[in-house]
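Take a look at the structure set out below.
The values are calculated or read from the model by the stated rules, or taken from the named source; none is laboratory data. Bear in mind that the values here come from a model prediction, so they are computed numbers and not experimental data. Neighbour counts are summed over all protein chains in view; Cβ atoms, including those assigned to glycine, are modelled from backbone coordinates with ideal geometry.
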Amino acid sequence: MNIKNKKWLLLISIPAIIGIFFIIFFSVSETTTHRAPWGHAGCPHMTPNYILWASVLLLIFAIVPISYYLISQKLGEKLEKNMKVISKLINKNNQTPKKEAKEINNKNVILKFLNPNERKILEKLIENKGTVLQSEISRIEGMTKLKTHRAVKDLERKGIINTESHGKTNRIILTKDIKDIILK
């Protein structure tokens, strides 16, 4: 999510929070008086129901955007930190003289930062020299169409793979920089 959308979430939630405080303040500070609403004598004055619904809506408009903003910011920072660690390890390993050991080590380093489903996809891509159909991945033992879809989206978001439409399925392709590291 880009920064402009995050700022809009905060701009929406700030008036909602202010509105909630006003409703709470006026609801608490309003004392019960014994006036007769609509001609009924002796009934205490109560806060109308629409105030309750307005406060619930304002609460939703306040909490949901703020929590989404904070969660997405933490996840973005965590992803960026992991990618920096991966790139440092890869650069460090590229300085070793043995090419075969370097290739195996690069694969292992990258695979350690992936969850099991993402690891299966990357291993299948390595077997097929960097390109495979998504339908083939969903046929791997332990993988379903949903698990495959989620793992592919995560790998794409991390910049490890690209997808392109191929009939009723997608073709999964390693990005050039990852392909250079792993398949050479």
Only one of these is under 28 Å from Gly76 (Cβ atoms), in a helix (DSSP H, G or I) and at pLDDT 90 or above: Arg150, Arg119. Name it. Arg150
Report yes if Ile71 is at pLDDT 75 or above, more than 30 Å from Ile181 (Cα to Cα) and assigned to a helix (DSSP H, G or I), otherwise no. yes
Subset of segment 41-68 that is hydroxyl-bearing (Ser, Thr, Tyr), at pLDDT below 75 and assigned to a helix (DSSP H, G or I) - its residue that is farthest from Ile18 (Cα to Cα): Tyr50
What number of residues within segment 158-184 satisfy the criterion of being in contact (Cβ under 8 Å) with a residue 60 or more places away in the chain and not in a loop (DSSP other than H, G, I, E, B)? 4
Working only within segment 144-157, note down all residues that are aliphatic (A, V, I, L, M) and free of Cβ contacts under 8 Å to residues at least 12 places away in the same chain. Leu146
Out of curiosity, is Lys92 in a helix (DSSP H, G or I), modelled with pLDDT of 75 or more and of a type outside the set (A, V, I, L, M, F, W, C)? no
Kindly indicate which of Ser135, Ser165, Ser87 is of a type outside the set (Val, Ile, Thr) and either at pLDDT below 80 or in contact with a helix residue (DSSP H, G or I) (Cβ under 8 Å, 6 or more places away or on another chain) (or both). Ser87
